[in-house]
1. Tell me the residue from 480, 526, 486 that is touching a Phe, Trp or Tyr at 6+ places or on another chain (Cβ under 6 Å), at pLDDT below 95 and not polar (S, T, N, Q), please.
2. List the number of the failed condition for residue 82; all other conditions in (1) surrounded by 23 or more Cβ atoms within 10 Å (Cβ to Cβ); (2) within 25 Å of residue 151 (Cβ to Cβ); (3) of a type in the set (A, V, I, L, M, F, W, C) hold.
3. Return the residue satisfying two criteria in turn: it lies in the stretch 1048-1088 and is among the polar types (S, T, N, Q) and at pLDDT 70 or above, and of such residues it is most open to solvent (accessible area, probe 1.4 Å).
4. Among what's in the stretch 599-652 and is modelled with pLDDT of 90 or more and hydroxyl-bearing (Ser, Thr, Tyr), pick the residue that is nearest to residue 2 (Cα to Cα).
5. For the list (1) in contact with a strand residue (DSSP E or B) (Cβ under 8 Å, 6 or more places away or on another chain); (2) of a type in the set (D, E, K, R); (3) modelled with pLDDT under 95, I need the number of the one condition that residue 130 fails.
6. Identify the residue in the stretch 103-137 that is polar (S, T, N, Q) and not in a strand (DSSP E or B) and, among all such residues, is most open to solvent (accessible area, probe 1.4 Å).
7. Grab the strands (runs of 3 or more DSSP E) fully contained in the stretch 618-674, keeping just those with 1 or more residues being more than 22 Å from residue 492 (Cα to Cα) and not small (Gly, Ala, Ser).
Amino acid sequence: MCSRPPPSLAPGGKMKKFNIRKVLDGLTAVSSPSPSPQLGSKENELIPETLQSEHFQLCKTVRHGFPYQPSSMAFDPVQKILAIGTQSGALRLFGRPGVECYCQHESGAAVIQLQFLINEGALVSALADDSIHLWNLRQKRPAVLHSLKFNKERITFCHLPFQSKWLYIGSERGNIHIVNVESFTLSGYTIMWNKAIELSSKAHPGPVVHISDNPMDEGKLIIGFESGIVVLWDLKSKRADYRYTYDEAIHSVAWHHEGKQFICSHSDGTLTIWNIKSPAKPVQTITPHGKQPKDGKKPEPCKPILKVEYKTTRAGDPFMIFSGGLSYDTVGRRPCLTVMHGKSTAVLEMDYPIVDFLTLCETPYPNDFQEPYAVVVLLEKDLVVIDLAQNGYPIFENPYPMMIHESPVTSCEYLADCPVDLIPALYSVGSRQKRQGYSKKEWPISGGNWGLGTQSYPEIIITGHADGSVKFWDASAIMLQVLYKLKTAKVFEKARCKEEKPSTEIVDEDPFAIQLMSWCPESRMLCVAGVSAHVIIYRFSKQEITTEVVQLLEVRLQYELNDLESPEGGGDQTPAPPTPSTSPSPQTAGPQTHPSTSSNSSDGMRDNIPCLKVRSSPLKQSPGYQVELVVQLVWVSGEPPQQISSLAINSCYGLVVFGNSNGLAVVDYLQKTVLLNLGTMELYGSNDPYQRQLRSPRKSRQPSGGLCDINEGSATSEDRCKSPTSAKMSRKLSLPTELKPDLVLLSVCPPRGSIPLDNRDNSFSRSRSSSVTSIDKESREAITSFYFCETYTRKADGGLTPSLWVGTSLGTVLAISLNMPPAGEQRLLQPVIVSPCGTLNRLKGSVLRMAFLDSTGSLLPSAFEPWYEPNAPANGEERDKVRKRRPVSVSPSTSQELNENQYAVVCSEKQAKVIALPSQTCVFKHNITETSFVLRADVVQMNTGICVACFCANGHIMTLSLPGLRPLLDVNYLPLTNMRIARTFCFSNLGQALYLTSPTEIQRITYSQEVCENLQEMLGELFTPVETPEAPNRGFFKGLFGGGAQSLDREELFGETGAGKAPRSLAQHIPGPGGIEGMKGAASGIVGDLARARIALDERGQKLSDVEERTAAMMASADSFSKHAHEMMLKCKDKKWYQF
């Protein structure tokens, strides 16, 4: 049964009445001089417009995916939040699955280091431009509270001890400065490099690569210099206690928790372990991956060990974990993380280079047994978490949507408010695809709380990828989770090696890359077009099947326009009966509809060959999307097929249509036949408005639009998708065998040449024009958009008929009438008759989007067939029910009284038009842009009405009312910096939109005022009040004999009274914008208030107890002073002054 959804009527509320007659005078299109439509009786003159400009507001909502080009990482062990910084100054924060946050440093400089103020809800970031920033995480959108910009020093390393407010900053010159993180002011206390090393080295020790305090004595600071010198600095006495020198450069340093030993990693792949009181030489030197020579010599040097961590356990051996250090002869070995535990050494190979790693431990206190339980490894393109507690160190299953870029994204579709049964259906088939062997434990990054989103409608994002895979994502309630993955490359034979690659391929790499996707959510039919000029049609099934032979159609969509070869009769031509093709694919099924008459094939020229070879062996198809039909464009006389530029599927009619720069083909996927195969010019019939010039065959070669710049750093479009233009245009009409020649007469224009496509430059500065005179300068006319609908195709039509509307790159809108056979068995036996109806309208620029409104101004969606299980038994009741029902055509009851029953909305690169039907009068027109052009346009349903949403190449996002085309929103959002944004930007219903902001990340935005207002509620909270664990006990004997952790009054040492002020020229303090926002963010929620009150009370209690202790100490010292004074008086009482 095909059904049409009811017209979406706007909900109640005040409606702005729009009088068409008043507006018509100035808006009637030049191309339609017919008088303005008379809309019947007075009651029906007014078309309501409910949307106003106050319904629109633009803001970013959430960013999903892996942080692009990560550079640093930090973890809060109490809050259990992970922070990742990137080379572009972005900050991504992750809590439990579904709690994510994105922030951006204004300068855009790389984040070199991150430090959490543990359990304080704050984070310090150090940037490559020598600035440090304090972020407040106690609000839903974190903001900078303070910044400090160093003028004379380059920052190389930062260290913030647990529960301290004094941040140590190491510099390239080898100096250490100290910053108060509360006020973000510099202390006057500085450790100069020359004081630190004194006479131990004549040369400069190099930049500071490490700073940390002794876990057992806060007054002792270890400083690692790049050259190999390590200094143990006494903060109180302001001098070095010990200096440790090694002749290899240092990359990192780590303490044993008892503070008696530390370990260094070096550039020659060695680890040195030192006792703090034995500076002469290391206690132990190991080269974990070096070959040990027998003669006692030093082992062979290895690659540098970039970072080492030394973590202790109460019950067993300590863990030594490091990255790098492999021997130089392991060429081609993947990057590794090594875990040494007791006598075992595990080498864990990673898929990408390691950026950083962190060991997660049970305690935040550095002076306690660390008890490590997991390692978070940040790779260049992935985040891996390893379970240290299980044998074999399995990894945790990553619950974040971080593998968007598993293969580069080449196309994107977004569907908000989709049918409610879709997500469960996709999830049920996708859950069977999950990998096994993950850790059984819960994901360890579990901080934060979910937002209280009121948004209840389901949303789906579909991404097409370079390897031919298609991923379906659940995007509801600003989260993102993968549902199901489809691999389209499975239907083709794969070359085992480069030598085996078929010579027919038209791209150098990624021959299966997805270019376009068309999806009918109600019927679940999916159609994809790939870069190798192939189209695959899929049905959704919950049952597994084995397809013995993949059904294949080959289409010869290229034309010879040559007088000698033109058919007899010159003008009209009856279709030739189909004959079997000389296709190399033995499994070709369905009627072969493409006669192979090329005379050039004898000289070894490629002809009638598709770019890819469909597999000949049986194909096992799991539940989910199963291939129904493959359609391939073939080479013609040595010229490769042009890539597909437009695609549409309609489940009600059982048709798929696709077009390129040569023409279009309509395929009946139920009967597996090609119904129409026409050049663009032939669509016009004899009324072609363009004076096209002949061109000599096979001269110009045209680079295709390609999937350029989708994958950052890849080849340009010309290199990536080499696709020369067609040459001789052979004129073949492909129609089903059942269609007798006398049933259809196609009006054919006299043979004429066509113009080669200009190379579309990436600057997007070209302007287009539909004028007839400039046609020779313009690109050849490509098919750019389609729309299936039941409408009026001719002015004289009295009723609605199924039709296909076609838009071209020269701004022409044409119609093709579809004569459908009766439903049920007849649909599979009788042919669908298709006949072009000629031009309906013309716009400036390429046609991007078409839609239809009913007489009340409500959106008319395309008819569809509800989903049914295709693999049900042949006599199943469900299938019979579906097949016997006729398509339902819904038109409002009022429409009988009106002369104008429908409105077509057409949007091109330059303008939008609303055309009344059947009179084909343009009733509204709006020029969207003069200087730029529209990249993406969609007709979208908002809560209170419908509008046209546009994204321009100059970065503007605009919305226009319907049907009046009044501008409602125009925001200069982001300039188009690359092709990736242009290819992936899409609008969806209810004010949602998205684009790929980097090769690994999806940025979602909203243009709805309502969503912007509710966003604060929907966002998750990063900071949650958590008790800090208790400090480890010192033990009776340690307390008695002065062992255990030594505390330090840093305030006394580093404060202004003790250390004085730092020179003003050294760094400049910049107050952040987050102060007021921080107050607002902190002021939300009763829990937050209670937590803050409790923290304030705790602080107050702490201060009071401090005061009491100090008072008691002062009283005790006063008491002892009076005793001493009394004793002295007694001693001196009888002595004379000269006896002293």
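1. Checking each option against the conditions leaves just 480.
2. Against the list (1) surrounded by 23 or more Cβ atoms within 10 Å (Cβ to Cβ); (2) within 25 Å of residue 151 (Cβ to Cβ); (3) of a type in the set (A, V, I, L, M, F, W, C), residue 82 comes up short only on (2).
3. Within the stretch 1048-1088, the match that is most open to solvent (accessible area, probe 1.4 Å) is 1068.
4. This residue is 651.
5. Residue 130 satisfies all of (1) in contact with a strand residue (DSSP E or B) (Cβ under 8 Å, 6 or more places away or on another chain); (2) of a type in the set (D, E, K, R); (3) modelled with pLDDT under 95 except (3).
6. Ranking the candidates gives 107 first.
7. Here the list reads 646-650, 655-659, 663-668.
Yes or no, residue by residue, for (1) within 22 Å of residue 983 (Cα to Cα); (2) without any contact (Cβ under 8 Å) to a residue 40 or more places away in the chain; (3) open to solvent by 30 Å² or more (accessible area, probe 1.4 Å); (4) in contact with a Leu (Cβ under 7 Å, 6 or more places away or on another chain):
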residue	(1), (2), (3), (4)
925	no, no, yes, yes
943	no, no, yes, yes
953	yes, no, no, yes
961	no, no, no, yes
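The values are calculated or read from the model by the stated rules, or taken from the named source; none is laboratory data. The shown structure was predicted, so the numbers you read here are calculated from the model rather than taken from an experiment. Positions of Cβ are generated from backbone atoms using ideal geometry, with glycine treated the same way; all protein chains shown enter the neighbour counts. Ligands, DNA and RNA are stripped out before the accessible areas are found, and what is left, the full protein with its side chains, is counted by its heavy atoms. Shrake-Rupley method; radii C 1.70, N 1.55, O 1.52, S 1.80 Å.
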